[in-house]
Amino acid sequence: MSKPSHIVQFDKAKVVAENRRARYDYFLEDKFEAGIELKGTEVKALRTGQSSIAESYALVEDEQVYLINSSIPPYGNAGYSTHEPRRRRRLLMRAREIAKLHGAITRQGLTLIPLSLYFNTKGRAKVELALARGKKVHDKRDTIKERDWKRDQGRILRSRG
């Protein structure tokens, strides 16, 4: 059976940071992959696995996409030249994708949030972004009910089989 076309799988060799709350707080619509512009010691700091994108979001500004409020702590063995941990980082995307994102954000009121920060098999740092619509409180309750039912369903099937 083939996968539906709207489910996108990216080449993730090593996941550095994941935004687990995103699926709870938002309805995820389209997913995109973007390169991330890093300076000096940021790559080495990422390779140690110490980064956070839990409270970050992406912003389209001047035909560029920026990752805001992501944290990459300073690399310990860097010496005197370190980077700023919470600086704006430019995301590398094609102009057509940026235009599509900008249109969806302005017209439909969607938010652009990072789902994961990872290295692909070529060793490049990438960010998985999603266009998302915020959930209301009752939507979050429904998500919890559905997740609990799936868990109970799995237990019932395991105990009978």
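A few remarks follow.
- Residue selected from segment 49-107 under the condition of a type in the set (S, T, N, Q) and touching a strand residue (DSSP E or B) at 6+ places or on another chain (Cβ under 8 Å), by the criterion surrounded by the most Cβ atoms within 10 Å (Cβ to Cβ): Ser70
- Just so you know, in segment 107-128 the residues that are aliphatic (A, V, I, L, M) and in contact with a helix residue (DSSP H, G or I) (Cβ under 8 Å, 6 or more places away or on another chain) include one that is farthest from Arg89 (Cα to Cα), and it is Leu110.
- Within segment 59-105, tally of residues that are among the β-branched types (Val, Ile, Thr) and closer than 15 Å to Glu29 by Cα: 1
- Residues satisfying the stated conditions in segment 106-120, i.e. under 19 Å from Leu28 (Cβ atoms) and of a type in the set (A, V, I, L, M, F, W, C): Leu110, Leu112, Ile113, Leu115, Leu117
- Single residue of segment 120-153 satisfying the filter (within 30 Å of Gln64 (Cα to Cα) and polar (S, T, N, Q)) that is farthest from the chain's Cα centre (by Cα): Thr121
- Search result, residues across segment 120-161 that are over 30 Å from Arg107 (Cβ atoms), assigned to a loop (DSSP other than H, G, I, E, B) and not small (Gly, Ala, Ser): Asn120, Thr121, Lys122, Arg124
- Within segment 22-119, helices (runs of 4 or more DSSP H) holding 1 or more residues that are within 27 Å of Thr143 (Cβ to Cβ) and either over 16 Å from the mean Cα position of the chain (by Cα) or hydroxyl-bearing (Ser, Thr, Tyr) (or both): 22-25, 95-108
- Extreme residue, modelled with the lowest pLDDT, among residues of segment 118-145 that are buried (at least 21 other Cβ atoms within 10 Å of the Cβ) and closer than 14 Å to Arg21 by Cα: Ala132
The values are calculated or read from the model by the stated rules, or taken from the named source; none is laboratory data. Remember, predicted model here, so these are calculated numbers, not experimental data. In this analysis, Cβ positions are derived from the backbone assuming ideal geometry, glycine residues included, and neighbour counts consider all displayed protein chains.
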